[in-house]
1. Exactly one condition in (1) outside any helix (DSSP H, G or I); (2) surrounded by fewer than 22 Cβ atoms within 10 Å (Cβ to Cβ) is not met by V114; state its number.
2. Regarding V67, is this residue hydrophobic (A, V, I, L, M, F, W, C), closer than 15 Å to I148 by Cα, away from the ligand (no atom under 16 Å from the Cβ) and not in a helix (DSSP H, G or I)?
3. Restricted to segment 175-187, and to residues that are loosely packed, with under 14 Cβ neighbours inside 10 Å and part of a helix (DSSP H, G or I), which residue is nearest to the ligand (Cβ to nearest atom)?
4. Which residues, counting only those in segment 28-44, are at pLDDT 80 or above, away from the ligand (no atom under 13 Å from the Cβ) and in contact with a Ser or Thr (Cβ under 8 Å, 6 or more places away or on another chain)?
5. Name, by its number, the condition in (1) at pLDDT below 80; (2) within 16 Å of the ligand (Cβ to nearest atom); (3) more than 17 Å from L119 (Cβ to Cβ); (4) not hydroxyl-bearing (S, T, Y) that does not hold for L25.
6. Which is of a type outside the set (A, V, I, L, M) and modelled with pLDDT of 90 or more, of E207, E125, E225, E132?
7. Take A16 and tell me if it is closer than 29 Å to R135 by Cβ, out of contact with any Gly (no Cβ under 7 Å at 6 or more places or on another chain), among the hydrophobic types (A, V, I, L, M, F, W, C) and away from the ligand (no atom under 16 Å from the Cβ).
8. Exactly one condition in (1) touching a strand residue (DSSP E or B) at 6+ places or on another chain (Cβ under 7 Å); (2) over 30 Å from C181 (Cα atoms) is not met by S51; state its number.
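The values are calculated or read from the model by the stated rules, or taken from the named source; none is laboratory data. Owing to the predicted nature of the structure, the values given are computational and were not obtained by experimental measurement. Positions of Cβ are backbone-derived with ideal geometry, glycine not excepted, and every protein chain shown enters the neighbour counts.
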Amino acid sequence: LSEEQQVLDILRKTGAILEKGHFKLVSGNHSEGYVHVRLALAHSECASTLSNKLASQFRDDKIDAVVGYTIGGAILAENVARYLGARSVVAELKGTKLILGKGYEIKENENVLVVDDVLRPPSGEPIHQAIEAIRSSTKGIVKGVGVIVDRSTAEYDFGVKTVKLARIDFKVWSPETCPLCRQGVPAVDLSSPDTDPLGLVYSLSDEPDRMALVTMLGKIFEKLEERKLLEEIMSFYRPTFELPGWKYERVAILGSYDTFSIMDHIARIVSGLGFYSITSRVIYEKDTLERKELRPYKYEAMNDFLRKMIHSCQYVIIIYSGAGGQFIETAWCSESHKPTLGLVPLRPLSFLDLKGCEYLFFGKQDTVLFCNGFKGVEQGAELVGGWICDKHKNCPFPSSGLTKMILDLYATSRTMFLVGADELKNFKSPISTFLRNRGVLKTTDIR
Ligand SMILES: [Zn+2]
């Protein structure tokens with residue numbers, strides 16, 4: 001395989017290339033495809049391979065600092081810097097200004113490499129802006145530009161050494177001549193350069209639109225490599241494992257050693273609701289609750305396995321127990337806009353005095369506690385997590401071991417919800433409510 005074929009292979013394998021869809025591009029034109037390189041970068045081994053390929057082209061350029069100013073770019077910057085023995089610099093491009101993350105710097109006369117996952121059409125304007133911003137606001141020397149995918153549709157010249165690993169061309173039409181519009185295929189609107197097609201689904205307030213998008217994206221993914229990917233994972237962990245119906249919706253259930261029994265219990269509930277439920281140890285068949293053990297895993301492979309699980313399932317349930325636990329899994333869910341339900345087992349709630357907090361309220365049975373504030377509380381111009389809002393001193397959520405970082409992820413995500421309950425049986429209601437609210441639960445009879 002050529003270098004470029006290897007890169008395209010990785011992108012296809014991880015579902016990063018949406019080839020048979022219908023997208024409204026920033027330019028106003030319509031396209032049949034979209035590349036979402038971050039889905040490939042979400043796999044640590046893919047991120048390493050792609051970064052090493054980029055780094056190898058800059059070995060002789062004495063790079064001191066690698067700058068990434070998008071999420072994909074930041075992941076690349078970390079990895080490329082590692083391969084070059086350089087420092088990574090995580091930044092944000094706001095208009096024409098490059099704001100370096102706290103603690104990052106570009107020193108005088110340092111050789112700088114700018115990396116991004118995609119060179120955006122028409123001619124990579126954000127890269128031009130980043131280079132300009134580095135020149136005007138630091139004393140670093142821009143030595144090169146490295147991107148994974150070149151999607152330019154017009155000539156470009158950054159005036160420095162530029163390396164791209166792969167080129168992808170999709171058919172593009174004006175809205176008037178778009179054959180997909182004529183066929184009535186619903187389109188995903190990517191009118192903002194930051195729009196994430198998966199996140200977009202859940203940001204639409206209009207329910208019919210949302211469902212049309214969900215259905216369409218579901219069809220796209222079914223045709224793509226997602227199913228194969230999951231089969232591949234499962235065959236790796238359990239060579240004899242076979243499941244006939246991967247087309248059903250899957251729920252990944254994550255926890256830790258001390259919550260295995262709760263995970264198991266929840267896996268059964270979820271299967272009973274008509275989903276495949278997958279924990280790192282067990283898969284429960286849809287409806288029949290038939291239990292299939294996964295082969296015992298090697299610990300060092302666990303992180304990759306969990307990441308693949310999150311990527312391959314449509315919904316995630318995380319059970320929190322100890323302080324600081326499940327942060328990285330929560331971050332992956334947040335990063336990929338994965339619909340996620342966080343469950344916090346709390347001590348008996350009936351003893352709590354919650355008077356004075358306008359956000360906390362009990363469910364019907366007084367044993368499930370909800371917080372309305374978790375969607376964020378405005379403090380001046382900032383949105384902070386409701387559960388760290390100091391509205392009530394006795395709020396049980398922070399004291400249950402959830403870190404501020406985890407609470408913040410829930411507070412700022414539109415697809416993640418957090419619920420606390422003090423008895424196992426009371427998890428049924430939050431789970432079914434969550435799945436019903438996502439529009440995927442048809443079962444009305446909750447056992
Ligand atoms: Zn169209």
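1. (2)
2. On the way: hydrophobic (A, V, I, L, M, F, W, C): yes; closer than 15 Å to I148 by Cα: yes; away from the ligand (no atom under 16 Å from the Cβ): yes; not in a helix (DSSP H, G or I): yes.
Here the answer is yes, as V67 does meet what is asked.
3. Taking segment 175-187 first, the residues loosely packed, with under 14 Cβ neighbours inside 10 Å are 175-177, 179, 182-184.
Of the ones still in play, those that are also part of a helix (DSSP H, G or I) are 175-177, 179, 182.
Details: P175: 6, E176: 9, T177: 9, P179: 8, R182: 8 Å.
Only one residue tops the list, namely P175.
4. A40
5. (3)
6. Values: E207 fails: modelled with pLDDT of 90 or more; E125 fails: modelled with pLDDT of 90 or more; E225 fails: modelled with pLDDT of 90 or more.
None of the others qualify; the one that does is E132.
7. Details: closer than 29 Å to R135 by Cβ: no; out of contact with any Gly (no Cβ under 7 Å at 6 or more places or on another chain): yes; among the hydrophobic types (A, V, I, L, M, F, W, C): yes; away from the ligand (no atom under 16 Å from the Cβ): yes.
The answer is no for A16.
8. Here S51 clears every test but (1).
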